[in-house]
1. Within the stretch A:57-76, can you find the residues that are modelled with pLDDT of 90 or more and either closer than 16 Å to B:Ser220 by Cα or buried (at least 16 other Cβ atoms within 10 Å of the Cβ) (or both)?
2. State which residue is surrounded by the most Cβ atoms within 10 Å (Cβ to Cβ) when the search covers only the stretch A:33-56 and only residues that are part of a loop (DSSP other than H, G, I, E, B) and not small (Gly, Ala, Ser).
3. Scanning for something aliphatic (A, V, I, L, M) and within 30 Å of B:Ser192 (Cβ to Cβ), does the stretch A:377-399 turn up at least one residue?
4. In the stretch A:220-233, which residues are in contact with a strand residue (DSSP E or B) (Cβ under 6 Å, 6 or more places away or on another chain) and not aromatic (Phe, Trp, Tyr)?
5. Does A:Tyr79 satisfy being surrounded by fewer than 15 Cβ atoms within 10 Å (Cβ to Cβ) and either within 15 Å of the ligand (Cβ to nearest atom) or in a helix (DSSP H, G or I) (or both)?
6. Of everything in the stretch B:164-194 that's away from chain A (no Cβ under 14 Å) and assigned to a helix (DSSP H, G or I), which residue is modelled with the highest pLDDT?
7. Taking the stretch A:33-50, which residues are at pLDDT 85 or above and either in contact with a Lys or Arg (Cβ under 7 Å, 6 or more places away or on another chain) or more than 14 Å from chain B (Cβ to nearest Cβ) (or both)?
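The values are calculated or read from the model by the stated rules, or taken from the named source; none is laboratory data. Since the structure is predicted, the reported quantities are computational estimates derived from the model, not experimental observations. As a convention, Cβ positions derive from the backbone with ideal geometry for all residues, glycine included, and neighbour counts pool all protein chains shown.
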Amino acid sequence: MATTDKSFATSVWDLFCSLKLTLSLLISLALTSIIGTILPQGALPPEYVATISSAKLQIYTKLGFFDMYHSWWFIALLYVFSLNLVSCSIKRLPHVFKFISEPTLVLGEGARNSFSLKKELKFSGDTEQWKERLTDFLAKEFSAPVITEQSGDYHLFAQKTAWCRLGVYVVHLSVLVIFIGAIIGSLAGYKGYVTIVEGASVKAFQKQNGEQMPLGFEVLCEKFNVDFYTTGAPKEFRSILTVLENGKPVPGYSKVKVIVNEPMTYKGITFYQSSYGQASEGSEHFISVTPRNGGAVEKLTVREGVPVTLMDGTLFKLLEATQEVRQFAPGFSGPAARIEVTPKGAAPLTFIAFKNFPEVNAQRGDALIFGYEGSNAKQYTGLQVAKDPGVWVVWIGCTLMVIGIFVAFFMSHKRIWVIVTKGHARIYGNASKNQAAFQMQFEDISEKFQEVKI
Amino acid sequence: MNSSMLFNVTTFAYLLSTVVFFAFLASKNKSVGLAGSLIAYAGLAAQTVAIALRWKESYDMGVGHAPMSNLYESIVFFSWTIILLFVYIDIRYKYRVVGAFVVPFALLAMAWAQLGMNTGIEPLVPALQSNWLLYHVITCFLGYAAFAVACGISIMYLIKTAIEGTSTSAQAGGLMSLFPPLKVLDDLNYRSIMIGFPLLTLGIITGAAWANYAWGTYWSWDPKETWSLIVWFVYAAFLHARITKGWAGKRTAWLSVIGFAATIFCYLGVNLLLSGLHSYGGSAK
Ligand code: HEM
């Protein structure tokens with residue numbers, strides 16, 4: 001019983017330490033991740049639901065395919081992956097430490113023959129004296145050696161950057177650090193959204209799940225602007241924000257400019273410029289109506305979507321308005337309104353009235369010329385709100401990963417042995433990475449080695 | 001002389017270089033090989049000047065930004081980095097024939113960019129107005145180019161094994177005598193990925209840093225992000241298979257080809273077929 005238990009435990013341990021598992025996990029993660037890039041994630045658009053059968057919809061939903069990166073099986077894969085990483089390191093690290101702290105000071109016969117990098121120096125004279133001389137030589141050309149005496153022979157061992165064997169483990173550790181950072185973020189952080197009308201302030205925002213959450217302070221939107229390129233493409237969205245505590249501006253957080261790619265952070269909560277719009281609720285628009293054949297100009301004050309009857313019985317309705325028409329009507333700029341005009345007893349006409357281009361309004365041949373004079377509508381700014389206390393841990397992990405990969409790939413543990421026997425000395429070399437570069441260095445050193453004289 | 005004329009010169013140079021390299025394969029004449037390399041170098045010089053000019057031209061137009069802001073510009077940069085790496089291999093390792101398998105990638109990229117895409121300089125939308133764009137694009141594309149080179153070398157490896165069989169005895173004469181030995185190809189494949197992997201890692205990290213800076217989420221599983229991670233997983237598998245399981249040769253050559261296929265999908269497939277935050281390049285207009 002006990003033995004089978006033990007062998008079971010051992011085989012589980014072996015499984016978790018195995019690189020076969022690592023390879024399967026890496027490939028599984030790669031393949032399953034594809035699902036989420038093909039199927040929509042999160043709230044499903046109704047057009048998508050309409051295109052798939054209800055059986056499929058049910059199966060996919062059960063399998064978590066519509067939120068697959070948070071599904072139990074994907075998270076489980078990541079946990080198994082982490083376990084794999086930890087067990088593998090627990091198993092190998094002691095060996096690596098031992099390898100570094102207790103290097104092979106004396107090369108065995110087998111190792112000597114297997115090395116491709118070796119050279120011989122023949123000498124006559126005192127072995128002891130040659131040992132001294134070659135020790136100095138190694139210290140000067142490479143690094144100071146450790147000397148071991150064995151049955152009359154001297155074994156000189158010198159090494160450089162042995163610690164770089166740990167680079168791989170730094171990379172592995174960094175993966176875990178990043179995971180920890182992500183877990184902290186998902187437990188202690190949050191994300192949300194808030195809209196603030198120009199001149200107004202908010203004390204709370206809406207979390208992703210729809211819940212309102214207090215900020216603990218107040219944010220005032222002093223102003224909002226959009227700039228455009230001459231092509232009509234937006235150039236910059238700009239909110240001017242002020243943070244208020246107890247109704248008073250916080251020093252240093254007054255009239256802060258927030259644009260895309262330049263957020264504002266206060267008390268760990270960051271505000272990102274993300275959208276904007278027209279706060280249409282309750283705002284009024286001003287319209288001028290000029291009879292083409294002369295006569296008094298009629299001024300109207302209307303609300304979006306509310307029909308008004310003019311003096312001559314024409315029905316007027318403002319469908320929508322914008323303070324900057326460029327993006328909708330290239331070549332034009334400034335405020336404009338889309339309006340619907342229904343002359344008495346005729347079909348409705350829809351067209352755009354511009355504030356800055358009255359001549360365009362006049363070009364229409366109708367009896368009445370409609371102009372848009374602007375509105376008292378205010379803009380609102382849409383801000384993404386986020387707090388993520390784990391993000392620093394993630395950046396530490398990323399830094400470790402970059403350093404670790406650099407060490408693992410581009411640094412190498414170089415070792416040189418010199419064996420001094422009666423009549424001759426032999427030099428051997430080995431490097432953990434980048435053999436070609438080491439070979440050049442070794443050739444250089446071993447050439448000088450062969451020219452050493454007493 | 002403006003940048004778009006120079007880009008045409010570049011494309012033509014890569015076309016000529018590819019043709020000359022194929023002639024080199026057929027003739028095995030050393031001076032033909034040298035000509036192939038020199039034409040590629042000339043193309044690289046023209047392209048370098050063209051990229052710098054385009055940068056300057058964007059400032060002259062008042063919408064100044066580094067020429068890496070849309071699909072066209074990124075493809076041009078991609079082909080530039082591929083040739084840069086080829087020059088490095090040519091000078092450092094002296095395996096000229098690699099050009100026949102690497103320069104065509106740069107040619108395809110340039111030809112597609114010049115013929116199939118809107119080449120105009122566009123102003124930057126607010127989301128792209130950040131220095132992170134530069135760090136992110138440069139690291140990603142240097143990585144992609146290294147993977148392209150690794151793929152070209154792996155194809156050479158697979159062709160060579162298929163023709164010679166697995167026997168190591170080099171057949172005298174034959175086209176294959178031009179190819180570097182299998183061991184060298186295998187090693188070059190590994191080396192290219194050793195350059196590409198850290199760069200892709202940096203590319204993903206700079207992308208995450210930028211996303212966090214610009215909208216408060218370093219990772220949102222958007223298709224582009226996810227595909228870059230998929231590519232990263234494939235090459236991580238490559239490295240582990242090779243260093244610890246002793247995989248080498250054919251199997252790692254195939255992994256390298258699969259990795260590059262995933263890279264291409266990450267780069268183009270996601271832009272053209274899937275939707276997401278990174279649709280920035282739009283598609284070929
Ligand atoms: C995504 C996660 C991982 C990354 C980024 C990663 C990265 C690396 C890198 C860069 C190397 C060096 C390869 C080379 O020198 O060519 C390496 C080696 C290695 N990795 Fe990983 N690795 C990951 C996961 C794992 C896991 C889960 C295991 C668990 C068994 C593992 C075990 C090893 C081993 C045993 C080595 C060889 C170490 C040596 O040279 O002695 N790796 N890894």
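1. Answer for the stretch A:57-76, where residues must be modelled with pLDDT of 90 or more and either closer than 16 Å to B:Ser220 by Cα or buried (at least 16 other Cβ atoms within 10 Å of the Cβ) (or both): A:Phe74, A:Ile75.
2. A:Gln41
3. yes
4. A:Leu220, A:Cys221, A:Glu222, A:Lys223, A:Asn225, A:Val226, A:Asp227
5. Yes, satisfied.
6. Here the residue is B:Asn189.
7. Matches in the stretch A:33-50: none.
Let's see how each residue does on (1) at the interface with chain A (Cβ under 9 Å from one of its Cβ atoms); (2) surrounded by fewer than 21 Cβ atoms within 10 Å (Cβ to Cβ); (3) in contact (Cβ under 8 Å) with a residue 24 or more places away in the chain:
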{"residue": "B:Trp210", "(1), (2), (3)": "yes, yes, yes"}
{"residue": "B:Ala214", "(1), (2), (3)": "yes, no, yes"}
{"residue": "B:Thr217", "(1), (2), (3)": "yes, yes, no"}
{"residue": "B:Trp221", "(1), (2), (3)": "yes, yes, no"}
{"residue": "B:Ser228", "(1), (2), (3)": "no, no, yes"}
{"residue": "B:Tyr235", "(1), (2), (3)": "no, no, yes"}
{"residue": "B:His240", "(1), (2), (3)": "yes, yes, no"}
{"residue": "B:Thr244", "(1), (2), (3)": "yes, yes, no"}
{"residue": "B:Ala248", "(1), (2), (3)": "no, yes, yes"}
